1. Angle, helix 263-279 long axis vs. longest principal axis of the chain, Cα atoms, 0 to 90°, nearest 10?
2. When we measure straight from the Cα of residue 303, which lysines land under 16 angstrom away, once same-chain ones fewer than 8 places off are left out?
3. Taking every alpha carbon pair in the range 111-253, what does the distance histogram look like in 10 angstrom bins from 0, in percent?
4. Mind checking the full-extension length gain between residue 229 and residue 264? Use 0.36 nm per residue of separation minus the Cα-Cα distance, one decimal, nm.
5. Taking each pair of distinct Cα atoms in the range 262-323 once, what is the resulting Kirkwood hydrodynamic radius in Å?
6. Multiply the residue separation of residue 82 and residue 284 by 0.36 nm, subtract the distance between their alpha-carbon atoms, and state the gained length in nm to one decimal.
7. At a Förster radius of 56 Å, what calculated FRET efficiency corresponds to the Cβ-Cβ distance of residue 112 and residue 296, to the nearest 0.05?
8. When every alpha-carbon pair in the chain is counted, what percent end up more than 26 Å apart?
Amino acid sequence: MNWHLEVPISNYPFEISHKDTLVSVGSCFAQHIAEQMSQYKFHCLSNPYGTIFHPLPILQNLTRAIKGLEFDEALYLQRDETIFHFNCHSAIWADSESDLKKKLIDVQTGVLEHLKVSKVLILTFGSAFLYQLKSGELVANCHKQPQSNFTKSLSTVNEIKNAFQSFHTELKELNPEIQIILTVSPVRHVREGLHENNLSKSTLLLACDEIKNGFEDIHYFPAYELVIDELRDYRFYENDKIHPTREAIAYVWEKFSRTLLSKSSSSLIESLDQLFSGLNHKPFRPNSAAHQQFLQRTMELAKSLSHQVDLEEEIKELKKHLQ
């Protein structure tokens with residue numbers, strides 16, 4: 001008996017291989033996918049601005065990178081002797097405004113260079129609730145500032161769609177061949193309220209659908225639906241009942257990789273899993289002949305795969321234990 005409904009995933013008109021460069025930006029779920037890709041040695045730029053939930057600040061930052069524009073000088077702030085910027089997550093910080101400005105210039109330069117050559121841009125939207133300073137500027141993160149400094153609103157589908165269309169025009173002038181995958185994060189935003197969270201996710205789902213239907217190079221991956229509708233159980237959430245567990249993330253990654261990765265990259269991932277298993281093995285007798293033979297076989301596997309991906313660190317680690 002089938003105990004759940006399976007979320008259908010459409011075929012995509014392209015595939016991803018280890019030869020490709022990718023950029024993944026947005027909610028923390030964007031980072032989860034990017035971390036999986038980086039683990040398997042894909043070239044993937046992961047959340048250069050830190051975790052950002054709302055589509056508008058995400059698209060604003062990316063558009064600024066494409067146009068070569070610096071971050072707004074008026075949006076730097078100091079908290080706990082640390083400098084932050086309202087357009088980035090608190091993971092992006094420095095000890096002085098000049099240092100943070102240099103860091104953000106480097107971030108934007110890196111984003112621009114990656115977008116120029118990337119085959120795929122993954123955008124993961126987390127919330128449709130938009131925070132703005134009372135002066136009107138959008139913020140990606142409130143940085144624990146008083147709530148009275150901000151206004152909060154639920155963005156409309158048209159607002160998100162129009163912002164995306166403007167960004168899309170700039171992006172395609174930079175890189176006409178790039179494909180875009182939209183996803184909605186399954187991370188719940190319960191601080192807004194459960195009903196409000198559902199309104200927010202519904203807005204994002206509708207916006208993604210409108211955007212996807214308007215462009216041939218825009219595609220949707222159902223990360224949200226896989227967790228909410230297919231797994232459909234609180235045991236796949238951490239104790240906070242907000243963030244998906246490692247098992248849930250692995251489940252979504254398996255669906256993602258099965259659908260979007262090339263056969264050669266899928267085969268390479270299987271070999272890398274075998275290599276990582278060998279590297280993580282904890283021997284009872286490290287100096288025994290049997291374990292040294294095991295290490296030698298693992299080294300041979302690493303060297304054979306190193307022609308396809310960078311395994312310099314793994315080979316260096318193996319050399320430390322070989323006698």
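Only the coordinates and a few stated rules stand behind these numbers; no lab work does. These numbers come from a predicted model, not from an experiment. Every residue, glycine as well, gets a Cβ built from its backbone with ideal geometry; the counts of neighbours run over all protein chains shown.
1. Result, in degrees: 70.
2. Partners found: 41, 316, 319, 320.
3. 10, 34, 35, 20, 1
4. The span from residue 229 to residue 264 would gain 9.5 nm if fully extended.
5. So the Kirkwood estimate lands at 12.1 Å.
6. 68.1 nm
7. Approximately 0.80, to the nearest 0.05.
8. So the portion of pairs separated by more than 26 Å is 53 percent.
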